[in-house]
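Structure, as structure tokens:
Each reported figure results from applying straightforward, stated rules to the coordinates on display, with no laboratory input. On a predicted model such as this, the values are computed, not experimentally measured, just so you know. Virtual Cβ from ideal backbone geometry, glycine too; neighbours counted across all protein chains shown.
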Amino acid sequence: MTPPHLLPAPPGPPPRHRPAEVLQALAGQLRESKTGGSFYICADGVLGVLSLPAISVWTNGRVLWWRAVNGETAWPAADVPGAARRLAGAPGSRDQGP
């Protein structure tokens, strides 16, 4: 039997980031991926929302979540690039233009 002091620490909740910082990083990633439209961010110390043309992305600093035509998505806030890729491919998230 392994002595208790050598056991790995139990997994805890993911680290919490400031909602405004997570959303600003997400908006930057979306701009780089050429997702069209204007972005608006509103955040306090607990929750934040990034308003895209067709989708609103919420975060508590641990999880990002949004609802699109293809359903609801929850994504770790620590993976902003992955969330941006998912959002860039979400129906209604791109400026369709003529």
Worksheet item: Can you sort Ser33, Ser38 by how many other beta carbons sit within 10 Å, fewest first?
Response: Ser38, Ser33
Practice prompt. Could you list Glu21, Glu32 in order of exposure, starting from the residue whose Cβ has the fewest other Cβ atoms within 10 Å?
Written response: Glu32, Glu21
Worksheet item: Between rounded, prolate and oblate, where does region 16-88 land on the alpha carbon gyration tensor, with a ≥ b ≥ c its root eigenvalues, rounded for a/c under 1.5, else prolate if a/b exceeds b/c?
Response: rounded
Item to complete: Within 10 Å of each residue's Cβ, count the other Cβ atoms and sort Arg31, Arg62 from fewest upward.
Response: Arg31, Arg62
Practice prompt. Quickly work out the Arg86-to-Glu72 label distance, labels modelled 7 Å from Cα along the C-beta direction, and quote it in nm with one decimal.
Written response: 1.3 nm
